[in-house]
Amino acid sequence: MSDKPPLRILLCAPRGFCAGVVRAIDVVEAALVRFGPPVYVRHEIVHNRYVVDALKRKGAVFIEELDEAPDGDRPVVFSAHGVAKSVPAAAKARNLIAIDATCPLVTKVHREAEIHHKRGRLVLLIGHAGHPEVIGTMGQLPEGAVLLVETVADVAALALPADAAELAYVTQTTLSIDDTADVVAALKARFPLIHGPHKEDICYATTNRQEAVKRVAPECDGLVVVGAPNSSNSQRLREVAERAGCRVARLVQRATDIDWDEFSGLATLGVTAGASAPEILVEEIIDAFAERYAVTVETVSTADESVFFPLPRELRAPAAE
Ligand code: 0CH
Ligand code: SF4
């Protein structure tokens, strides 16, 4: 008999990589094959250090701004989070080879914002200030054409008349489903004529990962989200667990980050991973618990995912003759 205390692990499914992240990483890999190193990547391709370090070893060079890359015909990949219109324009002006790894579901939001603007509407973006996706979406339109709204209180504080007819909203793709529903409800209450998507622009992956956490959290005393602190969708998963009553809900990048005092005396632990966290890190964390507990792992599945996004045309292998 094991002298380790028992621990039941409820493993959320879906968890981890989404279709946009798989595509973004594949874009960098394909660009390395097509052009050879160095391939410049503007911003972390996805918010995960393990992924970034693995690509660095293959010859990717991560930069925050375009001017950190030399002029000339080297490829520069834009991250999954998207970029302002000024970025591809600057790349073109400098003769860089621009390769766009923006998730198609983020690009869809960019196009929605553009359509609203063309129809003469002021666009309200629900999102988190300073996040690269928010900077990218705001940067689709001229200065002042998009206003950022983060909270219900921000809606109340908007200096706009209640009968402002030409208004629309779009959202960041990785927000909390519940918080966003409240902000959208506040917008609709204050501006009944506001245009918007059917619900919001939160993507399928964000929705499914939050749903799975909601299902397991009430049964868990603790929950680990494998993900990085700058990963918006991962942070939202931790919040969902906390709000559902998990005594300890933590975001963890690697097993070495776990504070074992916090995770002592657990009977049931939930485990999930943000959309940018590779499965190998989930395994590492479960293995670390297995060193201290006699673990049993049950997968709790709340949705099936089969979304796939092809590579940008310029990186696809030529069709077989
Ligand atoms: O959740 P955020 O947007 O911070 O990004 P991530 O952790 O890199 O996950 C991938 C989503 C990228 C854009 O939606
Ligand atoms: Fe695309 Fe959603 Fe993944 Fe972001 S989280 S990359 S929007 S699928």
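All of the numbers you see were taken from the coordinates with simple rules; none came from a lab. Because the structure is predicted, anything quoted here is derived from the model rather than measured. Cβ atoms come from the backbone with ideal geometry, glycine included; neighbour counts cover every protein chain shown.
Starting from the Cα gyration tensor of the chain, take the square roots of the eigenvalues, sort them a ≥ b ≥ c, and report rounded, prolate or oblate (rounded when a/c is under 1.5, otherwise prolate if a/b is larger than b/c, else oblate). Walk me through the numbers on the way to the answer.
On the way: a/c = 2.26, a/b = 1.21, b/c = 1.87.
Oblate.
What is the extension gain from I280 to T296, computed as 0.36 nm multiplied by their sequence separation minus the C-alpha to C-alpha distance, in nm to one decimal?
3.9 nm
For region 228-238, take each phi angle, set θ = phi - 60°, evaluate the Karplus expression 6.51 cos²θ - 1.76 cosθ + 1.60, and give the result in whole Hz per residue in order, putting x for glycine and proline.
Using θ = phi - 60°, the values come out as 9, x, 8, 8, 4, 5, 5, 4, 5, 5, 4 Hz.
State to the nearest 20 debye the size of the charge dipole of the chain about its Cα centre, where the only charges are +1 on K and R beta carbons and -1 on D and E beta carbons.
640 debye
What is the gain in length, in nm to one decimal, between R34 and K85 on full extension, counting 0.36 nm per residue of separation less the C-alpha to C-alpha distance?
15.8 nm
May I ask you to list the GluC sites (Glu not before Pro) in region 57-88 that are in a DSSP loop and have at most 10 other Cβ atoms within 10 Å of their Cβ?
E64, E65
How large is the dipole of region 163-270 about the Cα centre if only Lys and Arg carry +1 and Asp and Glu carry -1, each at its Cβ, rounded to the nearest 20 debye? Don't jump to the answer; show the numbers that get you there.
Details: 12 positive and 16 negative charges, 39 e Å.
Computed about the Cα centre, the dipole is about 180 debye.
In whole Hz, what ³J(HN,Hα) sequence does region 291-306 give by Karplus (6.51, -1.76, 1.60; θ = phi - 60°), x for Gly and Pro?
Using θ = phi - 60°, the values come out as 6, 10, 10, 8, 8, 10, 10, 10, 8, 10, 10, 10, 6, 9, 10, 9 Hz.
Could you order the peptides 109-121, 37-49 from most to least packed, using the average number of other C-beta atoms within 10 Å per residue?
37-49, 109-121
Shape call for region 22-107 from the C-alpha gyration tensor, a ≥ b ≥ c root eigenvalues: rounded (a/c under 1.5), prolate (a/b greater than b/c) or oblate?
Oblate is the answer for region 22-107, as a/c is 1.5 or above yet b/c matches or exceeds a/b.
Placing unit charges on C-beta atoms (Lys and Arg positive, Asp and Glu negative, everything else neutral), compute the dipole magnitude of region 19-103 about its Cα centre in debye, rounded to 20. Before the final figure, lay out the partial values.
Values: 11 positive and 11 negative charges, 37 e Å.
For this selection, approximately 180 debye.
Shape verdict for region 109-190, please, from the Cα gyration tensor: rounded (a/c under 1.5), prolate (a/b greater than b/c) or oblate.
Since a/c reaches 1.5 but b/c is at least a/b, the shape of region 109-190 is classed as oblate.
Could you run the Karplus curve 6.51 cos²θ - 1.76 cosθ + 1.60 with θ = phi - 60° over region 23-35 and give me ³J(HN,Hα) per residue in whole Hz, x for Gly and Pro?
In residue order, the calculated couplings are 5, 4, 5, 4, 4, 5, 4, 5, 5, 5, 5, 5, 10 Hz.
I need the GluC sites (Glu not before Pro) found in region 133-200, filtered to DSSP loop residues with at most 15 other beta carbons within 10 Å of theirs. Before the final figure, lay out the partial values.
Working: sites: E133, E143, E150, E166, E200; in loops: E143, E150, E166, E200.
Hits after loop and neighbour filter: E143, E166.
Return, ordered by residue number, the residues of region 280-307 whose backbone nitrogen is under 11 Å from a label point located 7 Å along Cα→Cβ of K4.
286-297
Hey, rough spin-label estimate for D163 and N230, points 7 angstrom out along Cα→Cβ, what's it come to in nanometres?
Distance between label points: 4.7 nm.
So, in Å, what gap is there between the alpha-carbon centers of region 111-190 and region 195-271?
26 Å
Starting from region 256-321, pick out the trypsin sites (Lys or Arg not before Pro) whose DSSP state is loop and whose Cβ has at most 11 other Cβ atoms within 10 Å.
Sparse-neighbourhood loop trypsin sites (Lys or Arg not before Pro): R316.
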